[in-house]
Amino acid sequence: MKPSKFINLMISLSDTPHKPPKPDSLDRKNSLKHYLPRTWIIICVIFLQIFLLLLARNLHTSSVVSNHPEPPAISAVNPTIHGGDSGCPYGKIYVYELPAYFNTELLENCHELNPWGSRCDTYSNDGLGRPAKQLAGVVPESLTGAWFWTDQFASEIIYHNRMLNYRCRTTDGEAAAAYYIPLYAGLAVGKYLWTDNYTAEDRDRHCEMMLKWVHDQPYWNKSDGWDHFVTMGRITWDFRRTKKEDWGSGCIYLPGMRNITRLLIERNSWDYFDVGVPYPTGFHPSSVSDVATWQEFVRTRTRDTLFCFAGATRGLIKNDFRGLLLNQCYNASGSCRVVDCGGSKCSNGTSVILESFLGSDFCLQPRGDSFTRRSIFDCMIAGSIPVFFWNRTAYSQYEWFLPGQPESYSVFIDKKEVLNGIAIKQVLEKFGKNEVRKMREKVIEYIPRIVYAKPHEGIEGMKDAFDVAIEGVLNRIKDQEQEGFKW
């Protein structure tokens with residue numbers, strides 16, 4: 001019997017009026033009943049009810065504890081370590097075997113992905129790109145093999161290779177908690193973006209065909225797509241075309257995409273199904289030791305410059321913000337290191353950007369062509385403290401991967417203050433050495449969460465950006481099962 005019903009029953013019994021005794025010939029004054037006052041009977045009944053109530057509550061509490069153990073946290077206190085989690089507490093993932101047309105065939109025809117030249121070197125080594133041999137002498141010798149010239153749009157390839165070797169992958173679709181769609185949406189649309197020789201239908205074709213294929217699979221109907229997810233290797237705006245003559249693909253607005261979670265290097269902050277994941281950088285460690293070695297290297301690095309900025313002006317934009325930052329850097333009397341990325345000066349193959357970040361306490365991070373830029377993560381991996389001017393550049397983009405307290409690892413200067421003439425140098429000089437040290441330590445602590453490991457199996461004992469992203473997806477799919485969550 002449930003405790004609540006039991007207690008109600010006891011209360012109802014105590015409130016039931018007693019029938020008066022039948023008259024008899026005995027003298028009532030001599031009856032024992034009148035030697036036990038009615039008040040004491042009531043008190044005894046009340047105490048009995050209190051005792052039974054406490055007993056029922058204890059039984060209920062022990063039952064709840066035994067039947068509903070405390071769920072595991074989504075990440076350990078130390079983001080570098082797995083926290084002893086064994087097995088697959090968030091469930092397993094089924095990877096669809098899409099026809100090669102949607103992924104590997106695009107890579108096989110890598111010479112067609114860009115109208116200006118082959119992308120085959122760019123996406124070699126399973127998406128990591130060419131080894132960054134030019135960084136010899138800049139990074140520790142033991143880590144030269146961990147650095148590559150990785151393209152910022154390579155996440156689809158990286159995630160696909162990791163998913164195929166993920167420890168919580170299952171080949172039994174019925175047993176899966178989530179379903180991964182290995183579509184290379186970014187590579188597919190990228191080849192159609194730069195000339196007028198292609199139509200909106202060309203840019204939408206891969207996505208439309210994928211949706212038709214997936215909707216025909218038996219697992220789609222389990223939850224109408226709520227338990228499906230995909231990596232899209234470009235920013236969200238490249239998939240949000242509303243008119244045929246506009247830029248990009250209309251993939252995200254296709255009806256069949258409505259419930260699918262999307263991992264993107266830049267998300268729309270108002271779209272629940274968009275999840276921002278770190279841009280791929282050039283550092284791909286193979287072990288916990290690699291990460292620890294790099295963390296110590298950037299921690300003990302001598303930094304002789306207060307701040308730096310790597311970027312190019314946007315000459316056609318009135319009051320170009322990047323131009324303002326470059327001017328402030330040039331006028332900062334040796335306190336700022338400038339890397340003017342006009343032309344191809346900052347393309348993959350040069351060490352100048354990494355050296356700039358390694359030598360500076362702070363790095364300026366304005367918005368790029370969109371709200372985010374890969375430079376955010378290049379800067380943080382080098383142990384430099386990012387300075388943001390838009391909230392949407394990081395704070396509302398990468399919540400799963402960065403500290404919850406923005407001031408613990410970054411500086412925010414509103415863009416309006418810069419436009420009104422505030423001196424960035426003066427703002428940054430106000431931070432004492434101890435404050436800078438604490439912020440840098442927080443940046444270094446979170447390096448594991450923003451890098452993608454080299455081994456397809458990941459790194460035992462460490463959660464990298466891929467692990468954090470996939471566990472986050474599985475956790476939110478679990479949350480979606482709550483009554484009234486889905487719409």
* Relative contact order computed over region 93-164 (Cα-Cα under 8 Å; 6+ residues apart), in percent -> 26 percent
* Structure fact -> Interchain or sequence-distant (5+) residues whose placed amide H lies within less than 5 Å of the amide H of Arg240 are Ser249
* Using only Cα atoms, what Kirkwood radius does region 286-366 have, in angstroms? -> 14.0 Å
* Using a basic spin-label model with each label point 7 Å from the Cα along Cα→Cβ, how many nm lie between Glu399 and Thr242? -> 2.5 nm
* Just the number, please: carbon plus sulfur as a percent of the accessible area of region 290-415, 1.4 Å probe, no ligands or DNA/RNA counted. => 47 percent
* **Separation of the Tyr253 and Glu445 label points, Cα + 7 Å toward Cβ, nm** => 4.3 nm
* Can you work out the accessible area per residue across region 120-228, with the rest of the protein chains kept in place, probe 1.4 Å, in square angstrom? => 42 Å²
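Students often get this wrong, so check it: of Lys133/Lys425; Lys92/Lys442; Lys318/Lys425; Lys244/Lys318; Lys415/Lys438; Lys191/Lys478, which have C-alpha atoms separated by over 30 Å? Each step should come with its number before you reach the end.
Details: Lys133/Lys425 34 Å; Lys92/Lys442 32 Å; Lys318/Lys425 24 Å; Lys244/Lys318 28 Å; Lys415/Lys438 25 Å; Lys191/Lys478 36 Å.
The pairs that break the limit, which is 30 Å between Cα atoms, are Lys133/Lys425; Lys92/Lys442; Lys191/Lys478.
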* Kindly give the semi-axes, whole Å and largest first, of the ellipsoid equivalent to region 384-487, taking each as the square root of 5 times a Cα gyration tensor eigenvalue. => 32, 20, 11
* Amide H of Thr170: which non-local residues (sequence gap of 5 or more, or other chain) have their own amide H closer than 5 Å, using H built in the peptide plane? -> Ile93, Tyr94, Val95
* To do: With the full set of protein chains in place, find how many percent of the accessible area of region 132-284 is carbon and sulfur; take the probe as 1.4 Å.
  => 49 percent
* Asked: Which cross-chain or sequence-distant (5 or more) residues have an amide H under 5 Å from the amide H of Cys363, H modelled 1.01 Å from N in plane?
  -> Cys308, Ile385, Val387
* ³J(HN,Hα) computed for each position of region 252-267 - Karplus, 6.51 cos²θ - 1.76 cosθ + 1.60, integer Hz, glycine/proline x -> 5, 8, 5, x, x, 8, 3, 9, 7, 6, 10, 8, 10, 6, 8, 9
* Label point 7 Å beyond Cα of Gln134 along Cβ direction - residues of region 257-287 with amide nitrogen under 17 Å -> 281-283
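The values are calculated or read from the model by the stated rules, or taken from the named source; none is laboratory data. The model shown is predicted, which means the values in this text are computed figures rather than measured ones. Heads up, the Cβs are rebuilt from the backbone with ideal geometry, glycines too, and the neighbour counts pull from every protein chain shown. Note: areas computed on protein heavy atoms with side chains; ligands, DNA, RNA excluded. Shrake-Rupley method; radii C 1.70, N 1.55, O 1.52, S 1.80 Å.
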